[in-house]
Amino acid sequence: MRVKIEVTGLVQGVGFRPFVYRLAKRLNLAGFVLNLDGHVQIEAEGAAAAVQAFVSALAAERPPQAIISEIRVKTVPDCGDSDFRIVESEAGKTVAPFVAPDLALCADCSREIHTSGNRRAGYAFTNCTNCGPRYTIIRRVPYDRPNTTMADFVMCPACQREFDDPGNRRFHAQPNACPQCGPSYRIVDARGNELAPPGQDPLTAARSFIASGAIVAIKGIGGYHLACDARNEAAVARLRRRKLREEKPLAVMCGSLAAVAQICLVSPAEAELLSGAARPIVLLDKSSAYNLAPNVAPGNPRLGVMLPYAPVHELLLAAADIWVMTSGNTSDEPIAYQDEDALIRLKDIADVFLVHNRPIHRRADDSVARIVRGLPYLLRRSRGYVPVPVALERPVPPLLACGGELKSTFCLAAGRQAFLSAHIGDLENKETFDYYTGSIDHYRQLLNITPELVACDLHPEYFSTRYAQSLPLPKLAVQHHHAHIASVMAEHRLAGPVIGVAFDGTGYGTDGALWGGEFLVADYRQFTRAAHCRYLPLPGGAKAIREPWRLALWLLCELSGPDLINADPAFVNALPPDWPIILRAATKGINSPLTSSAGRLFDAAAALLGIRRVSRYEGQAAIELELAAGTASGALLPYTLTKGHPYQLDFLPAFAALLARGRQGFDRGFWAASFHTTMAAAIVETVRAISADTGIRTAALSGGVFQNLRLLEETIALLERHGFTVYLHRQVPPNDGGLALGQAAIAAAQ
């Protein structure tokens with residue numbers, strides 16, 4: 001009996017062909033296996049029972065990092081083959097091949113680099129079929145060495161034997177290398193001059209520099225990190241000053257899970273996420289034993305932590321070490337990943353550079369996640385996750401979705417696969433925008449997708465929208481919050497309709513106002529704005545986003561009238577001297593666009609409670625309001641829900657309560673908690689009202705405001721208590737990093 005098998009999914013770059021070879025040998029089957037553009041093709045011949053066992057084992061025994069989406073089997077005539085072989089890959093015509101993400105160092109390779117006498121002891125580029133770089137080194141498919149940045153490194157005889165041996169775990173491991181034939185590290189200054197004495201290991205030199213208080217730029221898998229000792233306050237403060245990162249917390253890398261547990265509380269689910277193949281930065285609660293430099297995460301009870309994921313990290317950090325490991329850039333710039341660019345852009349930040357000679361073809365920031373209800377909740381999707389696609393419920397035509405403006409990503413989709421790009425960043429930065437357009441071209445070539453349609457945000461001034469408009473393709477502009485809800489639906493393969501709650505900072509509405517506190521009855525084809533937060537002015541326009549005191553001032557005036565100075569003298573006395581002019585302009589509607597943004601409400605509450613009047617980084621005021629709430633119990637503040645088409649949710653009474661009770665000596669944590677409790681209760685009351693009108697019992701939550709864990713968990717618990725089925729993001733971020741997936745799903749349906 002002979003069968004032809006096509007296996008689609010994440011089956012390239014994860015040791016799938018060697019697995020198939022060993023399985024066939026075990027079952028005494030003949031035939032072959034090869035990579036095509038979008039799948040693995042197998043022909044297997046032998047006894048019928050053995051062939052059937054072979055087909056069953058493909059899914060049951062697959063390699064740990066493989067993801068199988070479909071196995072198609074067809075009986076074909078026998079050929080009389082006497083052996084099973086791996087044949088050279090060839091370019092096929094299948095659309096959208098799966099490309100593996102970069103995988104963290106596996107346990108076997110870790111043991112080798114730490115074993116004295118092993119030929120890879122201390123070697124910082126050790127890998128096998130179960131680990132190592134994939135996405136960041138691949139230039140084109142199929143995933144073979146000549147198509148990667150390892151092409152110039154010719155394997156030595158020993159590595160070649162491993163590569164050719166079906167019984168070796170490096171069988172067909174494309175980046176396979178050793179100290180004799182592979183890439184190597186150097187330690188240099190900003191001019192490229194060698195700093196390590198002859199014969200000294202560059203990694204040993206780098207450790208010495210860190211120990212002495214230096215800042216070291218380390219080239220890794222997806223780009224450069226800036227590293228220093230996280231317990232050295234002078235070094236951390238100097239890094240902040242040079243990087244122009246005033247207050248935003250810095251991420252750290254711990255040498256072991258035990259070191260993480262010394263400074264943070266770690267649940268089993270968090271430990272699993274930290275230690276998995278993706279190895280994202282995981283947001284953890286600090287423990288009472290936390291003892292890092294104050295400037296690592298000032299005033300924040302949480303810390304972003306990751307474990308070593310590349311061999312170089314394991315070799316640099318001892319088990320007890322904790323280093324700041326932040327992206328190699330100045331604030332708001334894309335991460336540096338090319339050597340010449342890094343030496344120029346980071347020369348005023350880093351004291352020394354640990355560089356290697358394997359090119360990074362595409363940059364990839366560290367992913368960021370936290371655990372919500374026992375499962376990962378991604379806040380930034382990049383290294384370790386891309387370009388694994390999101391599986392769609394129905395086939396879609398080839399299309400491009402261009403995403404948003406901040407936390408930008410794009411999505412290419414075809415068939416039943418949606419490929420969301422790695423995190424790119426703020427497109428207002430020219431270098432970031434250039435990288436964005438170049439990445440789209442790279443994905444199109446890599447995935448063999450030629451779009452027939454382009455989707456973009458409804459906002460006409462977004463750079464992503466302008467890019468979409470420049471393409472000679474049919475176009476669809478998608479409302480921002482509709483895309484948010486559709487992205488949740490696409491992840492969970494929901495047909496809809498759902499009651500979608502999209503809470504974020506701002507998004508362009510169909511009425512020309514800035515939306516952001518939205519309740520939509522939506523499927524992929526259409527949505528109805530069933531409710532929204534009351535429109536409020538943003539005094540000074542975009543400045544009000546960075547300066548929450550502006551909206552808080554307007555609210556104070558609205559609630560207190562001309563007596564606003566006496567209503568809250570501490571707040572008013574801290575304002576800049578031109579506040580009366582700003583207030584007069586806002587009351588006249590001058591440079592004060594209307595918004596229904598829920599994010600701005602959190603900002604204003606933080607300002608009125610004296611928590612944060614000016615934000616130094618995106619979302620700082622809202623984040624600090626959540627941190628002030630902590631685990632405190634809160635009271636339900638008044639608000640109004642006015643029936644209509646749409647309903648209107650007004651939190652002005654809640655702000656009046658904050659103002660009336662927010663005098664000196666008040667419990668700031670209680671009032672911050674009360675604001676969260678009130679917001680969650682109002683969301684649920686509004687969803688229940690819409691459900692009564694429509695009969696829909698499914699809710700989907702999306703938008704950057706739902707990065708607020710307290711709000712998210714309170715809202716979910718209340719919705720479930722009232723019998724709703726609740727969906728939230730798991731595969732893509734709730735912020736604008738997930739917009740492109742929703743745009744793609746809507747464009748495909750329409």
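The values are calculated or read from the model by the stated rules, or taken from the named source; none is laboratory data. Quick caveat, the model's predicted, so the values are computed rather than measured. Counting neighbours? That spans all protein chains shown, and the Cβs are built from the backbone with ideal geometry, glycine included.
Here is how the numbers come out for the structure above:
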item	result
Lone qualifier among ASP341, ASP332, ASP366 - being of a type in the set (Asp, Glu) and in contact with a Lys or Arg (Cβ under 9 Å, 6 or more places away or on another chain)	ASP366
From the options ASN176, ASN130, residue that is modelled with pLDDT under 95 and buried (at least 17 other Cβ atoms within 10 Å of the Cβ)	ASN130
Test: residue in the range 707-728 that is in contact (Cβ under 8 Å) with a residue 12 or more places away in the chain, among the acidic types (Asp, Glu), surrounded by fewer than 20 Cβ atoms within 10 Å (Cβ to Cβ) and over 30 Å from VAL396 (Cα atoms)	yes
Evaluation of TYR224 against (1) over 22 Å from GLY630 (Cβ atoms); (2) surrounded by fewer than 23 Cβ atoms within 10 Å (Cβ to Cβ) (one fails), failing number	(2)
Boolean, PRO638 is closer than 18 Å to ALA681 by Cβ and assigned to a helix (DSSP H, G or I)	no
In the range 99-154, residue farthest from ARG444 (Cα to Cα) [restricted to those that are in contact with a Phe, Trp or Tyr (Cβ under 9 Å, 6 or more places away or on another chain) and acidic (Asp, Glu)]	GLU112
So VAL454, is it more than 29 Å from TYR647 (Cβ to Cβ), of a type outside the set (Asp, Glu) and over 22 Å from the mean Cα position of the chain (by Cα)	yes
Conditions (1) in contact with a helix residue (DSSP H, G or I) (Cβ under 8 Å, 6 or more places away or on another chain); (2) more than 30 Å from ALA629 (Cβ to Cβ); (3) hydroxyl-bearing (Ser, Thr, Tyr): number failed by SER287	(2)
Complete set of residues in the range 389-405 that are farther than 20 Å from HIS481 by Cβ and either in the same structural domain as TYR309 (by TED's automatic domain parsing) or in contact with a Phe, Trp or Tyr (Cβ under 7 Å, 6 or more places away or on another chain) (or both)	PRO389, LEU400
Count - residues of the range 646-700 that are closer than 21 Å to THR631 by Cα and among the charged types (D, E, K, R)	3
Residue within the range 162-171 that is at pLDDT below 95, assigned to a loop (DSSP other than H, G, I, E, B) and buried (at least 23 other Cβ atoms within 10 Å of the Cβ) present	yes
Qualifying residue in the range 345-361 (condition: assigned to a helix (DSSP H, G or I), within 22 Å of ALA251 (Cα to Cα), out of contact with any helix residue (DSSP H, G or I) (no Cβ under 8 Å at 6 or more places or on another chain) and assigned by TED's automatic domain parsing to the domain that holds ASP201)	yes
Enumeration of residues in the range 496-512 that are under 25 Å from ARG546 (Cβ atoms) and of a type in the set (Ser, Thr, Tyr)	THR506, TYR508
Members of the range 641-661 that are surrounded by 21 or more Cβ atoms within 10 Å (Cβ to Cβ) and part of a loop (DSSP other than H, G, I, E, B)	PHE651
Only one of LEU476, LEU520 that is assigned to a strand (DSSP E or B), over 20 Å from the mean Cα position of the chain (by Cα) and surrounded by fewer than 24 Cβ atoms within 10 Å (Cβ to Cβ)	LEU476
Neighbours by Cβ (under 6 Å, 6+ apart or cross-chain): first from the range 508-520, in contact (Cβ under 8 Å) with a residue 24 or more places away in the chain; second part of a strand (DSSP E or B) and of a type in the set (A, V, I, L, M)	ALA513/LEU594; GLU518/ALA502; PHE519/VAL501; PHE519/ALA530; PHE519/ALA531
Flag for PHE670 being surrounded by fewer than 24 Cβ atoms within 10 Å (Cβ to Cβ) and either of a type in the set (A, V, I, L, M, F, W, C) or modelled with pLDDT of 95 or more (or both)	yes
Residue tally, condition part of a loop (DSSP other than H, G, I, E, B), surrounded by fewer than 20 Cβ atoms within 10 Å (Cβ to Cβ) and over 21 Å from the mean Cα position of the chain (by Cα), over the range 268-292	5
Subset of the range 362-420 [in a strand (DSSP E or B) and under 12 Å from the mean Cα position of the chain (by Cα)]	VAL368, ALA369, ARG370, PRO376, TYR377, LEU378, LEU379, ARG380, SER408, LEU420
Selection count, the range 546-596, where residues are more than 39 Å from the chain's Cα centre (by Cα), over 16 Å from LEU658 (Cα atoms) and not in a helix (DSSP H, G or I)	3
Residues satisfying the stated conditions in the range 315-325, i.e. surrounded by 22 or more Cβ atoms within 10 Å (Cβ to Cβ) and more than 22 Å from the chain's Cα centre (by Cα)	LEU315, LEU316, LEU317, ILE322
Every residue from the range 31-79 that is surrounded by fewer than 14 Cβ atoms within 10 Å (Cβ to Cβ), of a type outside the set (Val, Ile, Thr) and either in contact (Cβ under 8 Å) with a residue 40 or more places away in the chain or outside the structural domain of VAL14 (by TED's automatic domain parsing) (or both)	ALA47, ALA48, GLU61, PRO64, GLU70, ARG72, LYS74, PRO77, ASP78, CYS79
Top-ranked residue in the range 80-112 [being of a type in the set (Lys, Arg) and at pLDDT below 90; ranked as surrounded by the fewest Cβ atoms within 10 Å (Cβ to Cβ)]	LYS93
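Matching residues to (1) surrounded by 18 or more Cβ atoms within 10 Å (Cβ to Cβ); (2) within 24 Å of ILE349 (Cα to Cα):
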residue	(1), (2)
LYS219	yes, yes
CYS228	yes, yes
ALA258	no, no
VAL266	yes, no
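Every residue, every condition in (1) touching a residue at least 12 places away in the same chain (Cβ under 8 Å); (2) more than 22 Å from HIS480 (Cβ to Cβ), yes or no:
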| position | (1), (2) |
| --- | --- |
| ALA542 | no, no |
| ILE545 | yes, no |
| ARG550 | yes, yes |
| SER560 | yes, yes |
| GLY589 | yes, yes |
| PHE602 | yes, no |
| GLY634 | yes, yes |
